[in-house]
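Data first, discussion second: the structure below is written as structure tokens.
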Amino acid sequence: MFEAQIAHSYEAMNRKDLDAVMAAWAEGGVFEFPGRTPISGRHEGKEAIRAFFGRIFDELESMHFTIRHVAMSNPVGLTLSNMVYVDWTVDEVTRDGRRFSHDGITVLKMKGGKAVWGRDYFFDLAGLEAMWPASVAGAAG
């Protein structure tokens, strides 16, 4: 059951469906993104997380996640607090035609079926930082 919920969320990412992605997040959620890029850092609250994903969707022509593995710390207690681990590959094309492929893991803390905390881990931060150089439009000064 939880695998279907995770698959649904990543399918929404592939469609760049911001409302469907945000439906999985709690109001007070926190998402942490690695690296030293204009989108890196701690995004606190649902609106900040929405702005984070919205920026990614705006900057990318396309993205496609392939989920390799999903694990949950307590599969019996689906409505309780749980840690979910998603091992993935994402293939992305930027608006200017650059292509990137990244491997990583997302760790999510779930409560009541909603993400309250999450963090992405990329296996190659240099590739991520090449995709999101400091000169990307709207980069923080």
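Rule-based calculations on the coordinates, nothing more; no lab input. Predicted model, so just to flag it, every value in this text is computed and none were measured. Neighbour counts are summed over all protein chains in view; Cβ atoms, including those assigned to glycine, are modelled from backbone coordinates with ideal geometry.
Structural remarks
- Crossing angle, helix 46-59 versus the chain [Cα axis fit, 0-90 degrees, rounded to tens]: 40 degrees
- Here's how it looks for Asn74: its modeled amide H is under 5 Å from those of Met83, which are all 5 or more places away or on a different chain.
- Annotation: amide H of Gly45 within the under-5 Å range of Gly29, Val30, Phe31, sequence separation 5 or more or interchain, hydrogens built in the peptide plane.
- Ranked list, fewest to most other Cβ atoms within 10 Å of each Cβ, for Val86, Val116: Val116, Val86
- Separation between Cα centres of segment 113-129 and segment 1-80, rounded to whole Å: 9 Å
- Segment 2-131 shape via C-alpha gyration tensor axes, a/c threshold 1.5: prolate
- Between helix 2-15 and the chain: long-axis angle, C-alpha atoms, 0 to 90°, nearest 10: 20 degrees
- Over the chain: helical MRE at 222 nm, DSSP H runs n ≥ 4 each giving -39500 (n - 2.57), nearest 500: -8500 deg cm²/dmol
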